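Report on the following structure.
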Amino acid sequence: MISTERSARLDAAFLALADPTRRAILARLTKGEATVMELARPFDMSQPAISRHLKMLESAGLIVRRADGTRRHCRLSDAGIDDIDQWLAMLRKALDKNYERLDGLLAAMTSKRGEK
């Protein structure tokens, strides 16, 4: 069972991931840290709009921002991504069990056909 706090973090992360601009920002950050201006460059939107996207990614725990003088740098955050990864691992485990049951059923059906 997922704790209420962890569930809220997952809700925030999936809400953040629902937007293609935010997914594109995360994809860019897989190449390494970037400034807000570097992240804004490929998009046809204002800097304040990009900042709102970054704020949502940060509040979801998917990125970390730091100040360096007047520049703001962003990077991926392990914590938020680990929460998603753990949740997906739970689903993968359930799928594996389903496939094992299906393999068993197919094996039983095959052996019954061989007995005829």
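Rule-based calculations on the coordinates, nothing more; no lab input. This is a predicted model, so every value here is computed, not measured. Cβ sites come from the backbone with ideal geometry, for glycine too, and all protein chains shown count toward neighbours.
Starting from the stretch 14-91, pick out the GluC sites (Glu not before Pro) whose DSSP state is loop and whose Cβ has at most 14 other Cβ atoms within 10 Å.
For GluC sites (Glu not before Pro) across the stretch 14-91 that sit outside H, G, I, E and B with at most 14 neighbouring Cβ atoms in 10 Å, the list reads 33.
Averaging sequence separations of C-alpha pairs under 8 Å and six or more residues apart, then dividing by the length of the chain, give the relative contact order as a whole percent.
26 percent
Residue by residue, what Karplus-based ³J(HN,Hα) values in Hz, rounded to whole numbers, does the stretch 45-57 have, using 6.51, -1.76 and 1.60 with θ = phi - 60° and x for Gly and Pro?
Values per residue, Gly and Pro as x: 8, 6, 4, x, 5, 4, 4, 5, 4, 5, 4, 5, 4 Hz.
Compute the distribution of all C-alpha to C-alpha distances in the stretch 4-86, in bins of 5 Å from 0, and list the percent of pairs in each, rounded to whole numbers.
The calculated distribution, bin by bin, is 3, 16, 28, 26, 15, 8, 3, 0.
Quick one: grab Rg to one decimal and Dmax as a whole number for the stretch 1-42, Cα atoms only, in Å.
13.3, 41
In the stretch 1-58, what trypsin sites (Lys or Arg not before Pro) fall in a loop by DSSP, with at most 15 other Cβ atoms inside 10 Å?
Passing sites in the stretch 1-58 are 31.
Relative to the Cα centre, what is the charge dipole magnitude of the stretch 4-86, using +1 at the beta carbon of each Lys and Arg, -1 at the beta carbon of each Asp and Glu, and rounding to the nearest 20 debye?
Dipole magnitude for the stretch 4-86 comes out near 340 debye.
Could you tell me the extents of the stretch 50-116's C-alpha atoms along the three principal axes, largest first, rounded to whole Å?
79, 18, 14
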